[in-house]
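Quick notes on the structure that follows.
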Amino acid sequence: MRPASLRRARWLAHPDGVRAPAAMRDWLATPGSLTARLVAHSRQFRVQKLRQAGNACLADEAQAVGLPRARRVLEREVLLRCDGVPVVYGHTVVPLAATASDWPLFSALGERSLGTTLFYDPLVRRGRLEFARIRPGHPLLARVRAALAANGVPFAADATCFARRCVYRRRQGLLLVTEVFLPAVLTLPATPIKNTK
């Protein structure tokens, strides 16, 4: 595969298309809020904000958020941690044309879950999930590697990750959320943890 082609992922409409192992496919196909499922499968859940600032969107994100080509957007990067371990890398982009009334809480999220905000806002409309296998050479994988390295978590240079993404609409604003599933997600308990407190 040519290096240029690795900078774009092949996004598919069904998780079976990415040929993920059964356990990973189960996570990819999670209905509803991924945050809620992660909370249920861990004793302590945390959103670790890595960055939220302006940046150029990636080549395979522009069209998804209605841009004719890669342009500057507002970008948010987080690690979702279960019991201290990073299990999902989250990447969100919002076109600069979106107004504060479109996404009133986005700039003030801090380390709160974006997913929780989206799923409980009656004005938010969720698009269809898309799925991809993210290979070495894709910019998102480079960001995953950098985020994990900064947190002392090893990540193989030839690692491939599975991801899903979805476009959300609120009023006239579009917002794209991409979730890259890290290998550690497969170490979470298969069944929800009962809170004994």
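List Leu12, Leu96 from most exposed to least, where exposure is judged by having the fewest other Cβ atoms within 10 Å.
Leu96, Leu12
Could you give the dipole magnitude of the chain about its Cα centre, charging the beta-carbon of Lys and Arg +1 and that of Asp and Glu -1, in debye to the nearest 20?
Here the chain has a charge dipole of around 180 debye.
What shape does the stretch 3-187 have by the C-alpha gyration tensor, where a ≥ b ≥ c are the square roots of the eigenvalues, rounded means a/c under 1.5, and otherwise prolate means a/b greater than b/c and oblate the rest?
rounded
Per DSSP H run of at least 4 residues, take -39500 (n - 2.57); add these up for the chain, divide by its residues and hand me the 222 nm value, nearest 500 deg cm²/dmol.
Helix contribution divided over all residues of the chain: -4500 deg cm²/dmol.
Which of Ile134, Ile193 has the fewest other C-beta atoms within 10 Å, and how do the rest follow up to the most?
Sorted ascending by nearby Cβ count, the order is Ile193, Ile134.
Could the peptides 108-118, 16-26, 161-171 be put in order, highest first, of the mean number of other beta-carbon atoms found within 10 Å of their residues?
Ranking, from highest mean packing down: 161-171, 108-118, 16-26.
What's the exposure ranking of Asp83, Asp102, going from fewest to most Cβ atoms within 10 Å?
Asp83, Asp102
Can you give me the Cα centroid spacing of the stretch 150-190 and the stretch 1-76 in angstrom?
If you average the Cα positions of each part, the centres end up 5 Å apart.
If N is the number of residues in the stretch 122-197, what value comes out of its Cα radius of gyration divided by 2.2 N^0.38 Å?
Here the Cα radius of gyration is 1.40 times the empirical estimate.
Which one of Gly173, Ala149, Thr191 has its Cα pushed farthest toward the positive end of the charge dipole of the chain, where Lys and Arg give +1 and Asp and Glu give -1 at the Cβ?
Toward the positive end, the furthest listed residue is Gly173.
A short reminder: the numbers here are calculations on the coordinates, not readings from a lab. Please read all numbers here as calculations on a predicted model, not as lab measurements. Neighbour counts run over all protein chains shown; Cβ positions are idealised from the backbone, glycine included.
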